[in-house]
1. Read phi for every residue in the range 412-428 and hand back ³J(HN,Hα) as whole Hz from Karplus 6.51 cos²θ - 1.76 cosθ + 1.60, θ = phi - 60°, with x for Gly and Pro.
2. In nm, to one decimal, how far is the SER176 label point from the LYS370 one, both placed 7 Å along Cα→Cβ?
3. Find the Cα radius of gyration of the range 381-442, compare it with 2.2 N^0.38 Å by division, and give the number to two decimals.
4. Quick one, what does Rg over Rh come out to for the range 54-176 if you take C-alpha atoms and the Kirkwood Rh?
5. Using θ = phi - 60° and the Karplus curve 6.51 cos²θ - 1.76 cosθ + 1.60, what whole-Hz ³J(HN,Hα) does each residue of the range 83-98 get, with Gly and Pro shown as x?
6. Looking at the chain, what % of its DSSP beta bridges pair antiparallel, to the nearest 5?
7. With a point put 7 Å past each Cα toward its Cβ, work out how far ALA102 is from HIS67 in nm, to one decimal.
8. Starting from one equal scatterer on each C-alpha and no solvent at all, send me the Debye-based log10 I(q)/I(0) for the range 218-268 at q = 0.23 Å⁻¹, two decimals.
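Read the figures in this text as sums done on the coordinates, not as results from a lab. None of the values given here were measured: they were computed from a predicted structure. Please note: Cβ atoms are built from the backbone with ideal geometry, for glycine as well, and neighbour counts cover all protein chains shown.
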Amino acid sequence: MRTDRYISPLSERYASQEMQYIFSQDMKFRTWRRLWIALAETEKELGLCQNGVPVITDEQIQELKAHAEDINYEVARAREKEVRHDVMSHVYAYGQQCPKAAGIIHLGATSCYVGDNTDIIVMREALRLVKAKLVNVMARLADFAGQYAGQPTLAFTHFQPAQPTTVGKRATLWLSEFALDLEDLDYVLSTLKLLGSKGTTGTQASFLELFDGDQEKVDRIDPMIAEKMGFAACYPVSGQTYSRKVDTRVANVLAGIAASAHKMSNDIRLLQHLKEVEEPFEKNQIGSSAMAYKRNPMRSERIASLARYVMVDALNPAITSAVQWFERTLDDSANKRLSIPEGFLAVDGILDLCLNVVDGLVVYPKVIEKHLQSELPFMATENIMMDAVKNGGNRQELHERIRELSMEAAKNVKAEGKENNLLELIAADPAFHMDLEQLKKSMEPERYVGCAREQTERYLAQVISPILEENRSLLGRQAQINV
């Protein structure tokens with residue numbers, strides 16, 4: 001490993017080998033060669049001739065195929081230092097390995113034929129990997145939500161104790177946001193198209209010249225290339241490049257996943273502070289260099305950290321899309337080389353972390369119950385008031401007494417550090433005609449969670465289960481995190 005230069009932490013610490021390969025030099029330049037082969041095959045199949053003689057032969061195509069994988073990087077790099085053009089450097093390098101076919105490589109195409117089509121192909125593969133990991137996170141969350149569908153817990157609004165929910169119902173809130181992200185991902189993935197071979201300004205003028213003005217043959221080029229590369233179609237119109245709006249849509253999908261992961265990780269961090277739910281902590285893991293007893297939510301913090309990067313990174317393609325001049329400008333290139341791969345690498349790391357965290361979440365029911373019982377008397381006051389009215393009390397008078405007693409109990413808790421004694425205060429007040437034993441019977445948490453269990457079970461059965469069944473072939477992944 002080189003230690004004398006900058007190395008991206010996305011590759012060294014966060015992203016998987018799978019995602020790194022998708023954005024590797026091998027993937028890129030092997031795809032370039034596949035595209036050159038597809039172009040040559042298409043031109044041959046359409047009968048490209050000069051004076052009745054085929055311009056492209058089977059022998060040339062076989063030669064190109066023979067060297068589709070073994071990239072001669074040294075030759076390409078040396079050539080690029082001379083000509084300062086990456087595509088022409090690789091055309092030259094490919095031609096050195098394929099002397100018979102050297103003259104027909106890249107025939108009629110512009111640099112964006114390999115550059116932009118490869119970007120689309122790479123993004124499609126990366127989205128497929130993101131989808132697989134996202135579906136597995138959803139499956140683990142569904143298991144967790146189902147397991148704790150009926151476990152009462154304090155809910156929070158404004159991070160202040162509120163009407164109880166269940167641990168499982170809260171998990172469905174995380175799950176539902178990931179489900180929305182999956183919808184967006186599926187839509188963008190299903191609508192990705194190739195650029196095709198549009199020429200220098202998108203008019204296909206070079207191909208019209210090659211085929212002697214035969215419009216019918218020119219019209220068949222893009223569909224044939226798309227089919228060879230595994231796509232249903234090419235974008236019907238473009239300048240030299242596909243619209244950078246496509247990159248914006250892809251980056252927004254990544255940002256959406258990042259935002260959902262950030263929300264979940266923040267909730268887990270807060271719950272770990274409350275000692276109610278905890279992310280996995282390994283036997284030899286160190287939480288703090290100074291405070292040896294600490295169990296910091298390191299993975300959830302890392303999710304939040306990477307997620308913020310991805311959300312901000314989505315601005316890059318949006319701004320790039322907005323400032324593309326007419327049919328082509330090159331101020332997108334350097335930005336795309338950074339923003340798209342790094343957005344995917346970061347989301348890849350985020351989803352692996354999410355899978356690891358959700359798979360090992362620890363719930364502490366006794367702590368949850370303790371917190372719930374400390375606040376439940378306040379939340380039970382409406383029910384207590386109704387029961388007291390049934391016993392002959394005046395609703396308006398009782399409401400005022402409960403308000404006064406609640407303020408007194410709250411003061412005891414916050415100012416005196418005592419336990420919540422609201423039930424004792426109510427029992428001692430003759431206006432309620434209720435003793436302490438009667439009041440304690442109303443303290444069953446399950447009475448206050450509403451339809452939380454039913455909502456959770458219905459959501460898992462009716463919404464999430466069909467999604468997981470549809471994507472069953474993607475399930476079964478295990479999380480791999482580097483550090």
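1. Once rounded to whole Hz, the list reads 4, 6, 7, 8, 9, x, 8, 6, 5, 10, 4, 4, 5, 5, 5, 4, 7.
2. Distance between the two pseudo-spin positions: 3.2 nm.
3. Details: Rg = 11.4 Å, N = 62, 2.2 N^0.38 = 10.6 Å.
Normalised by 2.2 N^0.38 Å, the Cα Rg of the range 381-442 equals 1.08.
4. We get a ratio of 1.41 for the range 54-176.
5. 9, 6, 8, 5, 5, 5, 5, 7, 4, 4, 5, 4, x, 5, 7, 10
6. Bridges in the chain that DSSP calls antiparallel: roughly 90 percent.
7. If labels sit at ALA102 and HIS67, their model points lie 0.8 nm apart.
8. -0.90
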